[in-house]
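The next block holds one structure in the form of structure tokens; read it before the comments.
The values are calculated or read from the model by the stated rules, or taken from the named source; none is laboratory data. Computed from a prediction, not measured in an experiment: that's the story for all the values here. Neighbour counts run over all protein chains shown; Cβ positions are idealised from the backbone, glycine included.
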Amino acid sequence: MTNGVLGDRYTRVQGARQVTLIQSEHLGTIASHLGRAQILPGDLRRNVVTQGINLLALKDKRFRIGNAVLQTTGDCHPCSRMEEILGIGGYNAVRGLGGITARIIESGSVKLGDDILVHCGD
């Protein structure tokens, strides 16, 4: 990551939404709300999919993934495109399950399997 995720439409020097994260556990819940067998991470337009961590517990915290340091900036609310991508009810299915947004404090690379480590004292 440099100023966001390379290739993402939100890549920029400033901004609260440089990176978006969602819990893999929520993908199944969203699919269930819609009566579908699965939802793919790309359908939700999030940059990073996590597993085994409650992302809401990162509110107002700095955390490290790989050698990048991020700061949580808020909830990642669904956009109106969820109806277009997921069909009728898509927006409501994602409400409260959309993950978080973050800004980059220190750029670095992130790879599959990297742990999320919360910075103590930040």
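Data table
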| read-out | value |
| --- | --- |
| Counted residues, segment 30-54 - those being of a type in the set (Gly, Ala, Ser), surrounded by 16 or more Cβ atoms within 10 Å (Cβ to Cβ) and in contact with a helix residue (DSSP H, G or I) (Cβ under 8 Å, 6 or more places away or on another chain) | 0 |
| Among (1) surrounded by 15 or more Cβ atoms within 10 Å (Cβ to Cβ); (2) in a strand (DSSP E or B), the one test that ALA93 misses | (2) |
| Output for segment 55-66, where each listed residue is surrounded by 11 or more Cβ atoms within 10 Å (Cβ to Cβ) and either assigned to a loop (DSSP other than H, G, I, E, B) or in contact with a helix residue (DSSP H, G or I) (Cβ under 8 Å, 6 or more places away or on another chain) (or both) | LYS59, LYS61, GLY66 |
| Test: residue in segment 75-83 that is among the basic types (Lys, Arg) and free of Cβ contacts under 8 Å to residues at least 24 places away in the same chain | no |
| In segment 104-118, residue surrounded by the most Cβ atoms within 10 Å (Cβ to Cβ) [restricted to those that are touching a residue at least 60 places away in the same chain (Cβ under 8 Å) and outside any strand (DSSP E or B)] | VAL110 |
| Meets criteria (of a type outside the set (Gly, Ala, Ser), surrounded by 17 or more Cβ atoms within 10 Å (Cβ to Cβ) and in contact with a Cys (Cβ under 6 Å, 6 or more places away or on another chain)) for THR101 | yes |
| For LEU70: the one exception among (1) in contact with a helix residue (DSSP H, G or I) (Cβ under 8 Å, 6 or more places away or on another chain); (2) of a type in the set (A, V, I, L, M); (3) crowded, with 18+ Cβ neighbours inside 10 Å | (1) |
| Test: residue in segment 84-94 that is at pLDDT 95 or above and under 13 Å from the mean Cα position of the chain (by Cα) | yes |
| Selected residue (criterion: farthest from ILE22 (Cα to Cα)) from residues of segment 34-50 that are in a loop (DSSP other than H, G, I, E, B) and in contact with a strand residue (DSSP E or B) (Cβ under 6 Å, 6 or more places away or on another chain) | ASN47 |
| Matching option when the condition is in contact with a Leu (Cβ under 8 Å, 6 or more places away or on another chain) and not aliphatic (A, V, I, L, M), among ASP60, ASP43 | ASP43 |
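Here's the yes/no breakdown for (1) among the acidic types (Asp, Glu); (2) at pLDDT below 90; (3) within 12 Å of the chain's Cα centre (by Cα):
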residue	(1), (2), (3)
ASP8	yes, yes, no
GLN18	no, yes, yes
HIS26	no, no, yes
THR29	no, no, no
LEU34	no, no, no
